[in-house]
Each structure stands twice: as structure tokens, then as C-alpha cells.
Amino acid sequence: MDFDAAETKVQIRLTTRDPGLQISEEPNILLVQTSLTRHKLSTLVNELLHREENRIPFDILINGQFLRTSVDEFLTKNGINAETTLDVEYTRALVPPLNVTSF
Amino acid sequence: EAQLSLTHLDPSTIDPTSARALWLAHEASTHSLSQQLTEHLRLILAPTLATKLRGDFRTGKRLNLKRIIPYIASGYKRDKIWLRRSMPSKRSYQVMIALDNSGSMADSGASNLALKTLTLVTRSLSMLEVGQVSVVGFGDDVNVAHDFDKPFTSEAGVRVFEQFGFDAQKTNVRGLVDRSLQLFQEARQSGGGGGGQGEDLWQLMLIVSDGLCDDHQSIQRLVRKAQEERVMIVFIIIDATATAAAAAAAAPTTPAENTKTSILDLQSAVFTPEGNILRYKYMERFPFRYYLVVRDVRELPGVLAGALRQWFGEVAGSV
Ligand SMILES: [Mg+2]
């Protein structure tokens, strides 16, 4: 069982502003690895929403800032440590316009 | 009871005046609980009255079968072949209380209940006079806040409080168990507990923490090592959710405070190296065998006594 390696873990409190994408399971606090990136957190939210078949790509905001690195790097950069529970908001990823010059 | 907030104080420690006020407040509010715990412990920790048969004597109560063949082989010269019932020997204890000094303790509101627990347990052990008490703080590393070789007076309690600020950036429980086994070894060698011989010296560690820690597998290995070295570890999990809920009912709170989760309900979600998500209840893989969850300090005398009684039933009865 090497999935429980010596990795740092942190508690996250998952929320969304989208009423149609609320996680029904209680409680909404999870303990996750700090090595996770936006992609993995998006995968996790999809699993919690039981959307494995029809995934929605999510953007992730931690304490109001978009996550572009691993959680670990985010914490270091923002001078936070894994002892605090993080507010993690998920929101439908904005798909960049495919052809901006065609107008 | 004094509602002393730690938030406005020096970030790394409690200032001496507040430490004293806080210690005295906790000492007063847990006084009768301490006496209750002392009574429980007196019954549990005292040497058992039913003593063992020991060899080797020229006369006695029962034959020591292991001595019979050497007895015959020696031409009936080695005649110390009898067992006698010996008197119970005095047992002494070294009890270490390890208090979690990490930031999550302040974040979850567990810090105050933890300090109260520390007060209750140390007062109770001092009243019991069964041996030595030490206190360590842990977070990134381990800080010995009170040594085994000093008596644990009220003044010592104040000194200990001064060393806690609940702001360590990590919760290194693996490092704690590792270091404390060293400390126990050193304490045993220095002939502690007043017993002198060390033969009837019992070593007990009480970890007081919110229970959140990483690296469960390494911890499990160290817990086994502790068992081999006859160091008993009881993990006291401070679950402050009940207190938080009560506070929420009493006063309007922010949404963040309403969503406090008990560690018993906490879910882990872990990505395996293959990329699968494993979800399980955090406590299902908690690495300590003897643990108790405390939501209210009034529960402590009963549940702590229960855990120790269980341990004595399993371990002490068999040696
Ligand atoms: Mg912690």
C-alpha cells in the first residue's frame, strides 16, 4: 500500500457557486495530497459528482486565486502551510476561444 | 472560566502573564476531574496483588520443573528446586505527555482543550506520585518542555504553557515517536522513577493532538518498535468539533466555522501512482492502536482509564 507515502496532506473544503454542481456527499472536507494539480483536483471533483462518464473540466481556485501549479507550490508561494484547511472553489473551466481572429 | 484568546499574543509562544493565568484557570476548572483520574489511575497502575511464583529456593511451595534434571545430573547437589511466592515489587512510571504544537491545533480550535487536557493529566499524575512526568511539544521538531528529572509543580506547568504557541508549520508525528523513544531510553538508563533497578520501570507516552498526521506507515513501524521496547503509547485525539458546534449555537459565526468536521467523519482522497482515486475514512488507517477521542475534558478520566486498563489487561497481565 504505497499510496500512503510520506507525502504531505492538507484538508480542503470544496465549494462551488454553481447550484447545479453541488457535491451531495457530506462532509465536504477532504484530506488530499499537496502534490495534486488542477487536473487531478478536477478529476476528484468529477468523481465526487459521479460524472466519470461525462466529465466537466474544472478550474480550481484556492483562497480565491486560480491554481496553476501543484497545491504544494501554491502554498509555498503564498506563505501558507498544510496545517490550515484550504477553501477550494471549483468552477467550469473557461474554454479559450478557438478562433479569435475570424470575426 | 477564563476565555483567554491566544490569537492576539506573540505568535510563537504564550507570554508569561497569560501562561500563568491560563494555567491557573485550567488547574481550577479541572481540579475535581484530576482527583477523579487520580483515583482511577491508583487502581490501574498499582502493582497487582496476586504475585508470581519465583525460583530458586531450597524449600518452597511448588517444584520448579526446569531445575529437576540439572538437580539429578548434579548428583542431587544443585538443590534450589523450589518456587516461592514473592512479594509484589514496587512499580514506578515514567510518563511523557507529548502535546501537538502545530498550526492545525489553532486552526481547529483544539489548542485550548489540549492545554486543559495537559493540565488535568499532569496534575493527576503529580497527586498520584508514581514516578516522573515529562512534557514535550512537537511540530516540525521536538521540544522538551519539561524534563523527567524535575518535579511537576504548578510553577512547572506555567513554564510548560509558555512554550506553546500552536504555530508549528508541520505535524511530524513520526519524528516525535522516534525522538521520544530515544528520550525514554536515556531516562531508563539514568535510573529514573526512583526505582533504581529499572526492572519495574514502566514507560508510558500520552500524545495529545488533533490526530492529523502524514506518513502512517513509518509511524506504524515505530509504534511496533515502541511496543518491543515496552513503551506504551496512548493517542488522545482532541476533537474540538463539539466545542465549535456549541460556540456556533451561542453566537453567530462565519460559514467557515460552521463546517468543522469531526476527525471521525474526515475523508481521505488519495491518488495512487496508477492515477486511481482511493477514498477512505481517515481514522480507518490511523496508525496508533490505543487511541481515544475526547470532545469534552469531562470525558477524559473515564476514557483514559479505560484505555490504560485495556493495555494492562493485555500486556501487563502477560509479563
Ligand atoms: Mg497539525
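Coordinate-derived values only; no laboratory data. Since this is a predicted model, take the numbers as computed values, not measurements. Heads up, the Cβs are rebuilt from the backbone with ideal geometry, glycines too, and the neighbour counts pull from every protein chain shown.
Remarks
- Taking trypsin sites (Lys or Arg not before Pro) as exposed when DSSP calls them loop and at most 16 other C-beta atoms lie within 10 angstrom, chain A has its longest site-free stretch at A:69-103.
- Using θ = phi - 60° in the Karplus curve 6.51 cos²θ - 1.76 cosθ + 1.60, the 3J(HN,Hα) couplings for the range B:297-310 round to 4, 5, 6, 4, x, x, 6, 5, 4, x, 5, 5, 5, 4 Hz; x is entered for Gly and Pro.
- Among A:39, A:81, A:69 the positive-end extreme of the charge dipole of the range A:9-93 (Cβ point charges): A:69
- Database remark: amide H of residue B:81 closer than 5 angstrom to the amide H of B:57 (H placed geometrically; neighbours at sequence offset of 5 or more, or on other chains; Pro and chain starts carry no H).
- Shown in residue order for the range B:21-38 are the 3J(HN,Hα) couplings computed by the Karplus curve 6.51 cos²θ - 1.76 cosθ + 1.60 at θ = phi - 60°: 4, 5, 4, 5, 5, 5, 4, 5, 6, 9, 4, 6, 5, 4, 5, 4, 5, 4 Hz (x for Gly and Pro).
- Remark on residue A:15: its backbone amide H falls under 5 Å from those of A:88, A:89, A:90, a criterion applied only to residues 5 or more positions apart or on other chains, H modelled at 1.01 Å from N.
- Cross-link partners of residue B:80 among aspartates and glutamates (Cα-Cα below 16 Å; sequence separation of 8 or more within a chain): B:56
- 0 to 90° range, to nearest 10: angle between helix A:38-48 axis and chain A longest Cα axis: 90
- Sorting B:153, A:15, B:261, B:119 from the fewest to the most surrounding beta carbons within 10 angstrom yields B:153, A:15, B:261, B:119.
- Each residue in B:209, B:218, A:24 was given a count of other beta-carbon atoms within 10 angstrom of its own, and listing them fewest first yields A:24, B:218, B:209.
- The amide H of residue B:132, built 1.01 Å from its N in the peptide plane, has B:93, B:94, B:95, B:193 as neighbours under 5 Å, considering only residues 5 or more places off or on other chains.
- Sequence-separation-based contact order of chain A, relative, with Cα cut under 8 Å and 6+ spacing, percent: 35
- Estimated FRET transfer efficiency when R0 is 51 angstrom, pair residue B:84-residue B:29 (beta carbons, to 0.05): 0.55
- Antiparallel bridge percentage (DSSP; both residues within the range A:9-93; nearest 5): 75
- For the range B:114-179 versus the range A:40-72, the gap between their alpha-carbon centres in whole angstrom: 41
- Per-residue 3J(HN,Hα) values for the range A:67-79, derived from phi via the Karplus relation 6.51 cos²θ - 1.76 cosθ + 1.60 with θ = phi - 60°, read 7, 10, 10, 6, 4, 4, 5, 4, 4, 4, 4, 9, x Hz in sequence order (x marks Gly and Pro).
- Three-way shape call for the range A:9-93 based on the alpha-carbon gyration tensor, with the a/c threshold at 1.5: prolate
- Cross-link check: pairs A:77/B:170; A:9/B:170; B:225/B:281; A:9/A:77 evaluated at a Cα-Cα cut-off of 21 Å; pairs beyond the cut-off: B:225/B:281.
- Applying a DSSP loop filter and a limit of 10 other Cβ atoms within 10 Å to the chymotrypsin sites (Phe, Trp or Tyr not before Pro) in the range B:56-87 leaves B:76.
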